Structures are given as C-alpha cells and as structure tokens.
Amino acid sequence: MGVRQVAIGVRRPMSTDIEEMCRQCNGKCCRYFCFQIDEPDTFEEYENLRWFILHKGITIHIDEGDWYISIENECRNLTADGRCSDYAHRPMICRSYSSEGCDATGGDYEYEELFTTADEIAAYARKKLGPQKYDKKWAKMCGLPAPEKKASGNKGGKKKKKHKKKHKR
C-alpha cells in the first residue's frame, strides 16, 4: 500500500486498486494533457512559445532534454467525483495509463525547467540565443532602435576618445 501527501501535511494510505486510486485523487490525470514539442532554436520559435504560454492553463517544461507543452483542460467524461462517465468506452491512452506514473502517487515532477510565464520563456531565450542577438531581434520586432553594441574591454560601454598629443618643435 502506497502513501500520498494530502492537505496540511496529513498522510493517509493510498490504495493499490487502480479504481480506488482514481477515486482518491479525483482524476488529476484527466484534467490536463501534455505532449512533446520541438525544441526552439530561433527567436521566432521562442516567440511562439511566449504566445502559447500567454493563454490560461498552459505551461511548458523541459524533461530529460525534451520539450513539452501542458494544457489544463478537463476531460468531458470526468464526473464531479473524479470518475469516468464512459469508462467502458474510454480511449486507449486511458486504458494504458499506469498507476506507476500516476499523478497522485508519483510525487513531484522534477523538470529541468518549468515555464509558467511569458517572461520566463523570454529570459531563457535571451540566455540561450545570447543577449545581443536576442535584444536586436526584440527591438526589430517591437519597432525600436537597435541596441548599441558594447565596446569590448570597456566597463562603461562608452567608446574611449583618442586624444592626439601635440608635439612641440
């Protein structure tokens, strides 16, 4: 018999019977779906992810190097008590779902990265693409002047003026 964490740190036994497990967790796995997406490698692809995540119920995560989008959207067959109203005719993905990967018993997902806001995606994109490239693309997209390049080896970012020495004869 497994154990699961419930509100206020109280722990109670979790049944090993799959139907009872589903009843106890209220159908967490039936309240979202998640699928793999291509890893972004351009500014435009990161911008698409920013657009996705601006919608309610969307998160994006990286797990073992693969990118996924998760969409909170409850199954139409989920009843108020967390059961399937058409259990006998449920889809194959539901039939093959294992209690070993169950959302109620599996613990926390330990994603490499979890993005819940557009700002988090933008910060990650800036880091991956490089600040200069990202800032230049951002400015162009927003119709802003291109950012000035920082002079190398100069902490202030301003170009040093060269002074000519006057020679006395």
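Of the residues in the range 111-120, not one is part of a loop (DSSP other than H, G, I, E, B) and in contact with a Lys or Arg (Cβ under 7 Å, 6 or more places away or on another chain). Within the range 47-61, the set of residues being under 12 Å from the mean Cα position of the chain (by Cα) and surrounded by 14 or more Cβ atoms within 10 Å (Cβ to Cβ) comprises Leu49, Arg50, Phe52, Ile53, Ile58, Thr59, Ile60, His61. So for the range 93-107 (the condition being surrounded by 12 or more Cβ atoms within 10 Å (Cβ to Cβ) and in a helix (DSSP H, G or I)), does at least one residue qualify? Yes, the conditions are met somewhere in the range 93-107.
Each reported figure results from applying straightforward, stated rules to the coordinates on display, with no laboratory input. What you see is a predicted model; the values in this text were computed from it and never measured. In this analysis, Cβ positions are derived from the backbone assuming ideal geometry, glycine residues included, and neighbour counts consider all displayed protein chains.
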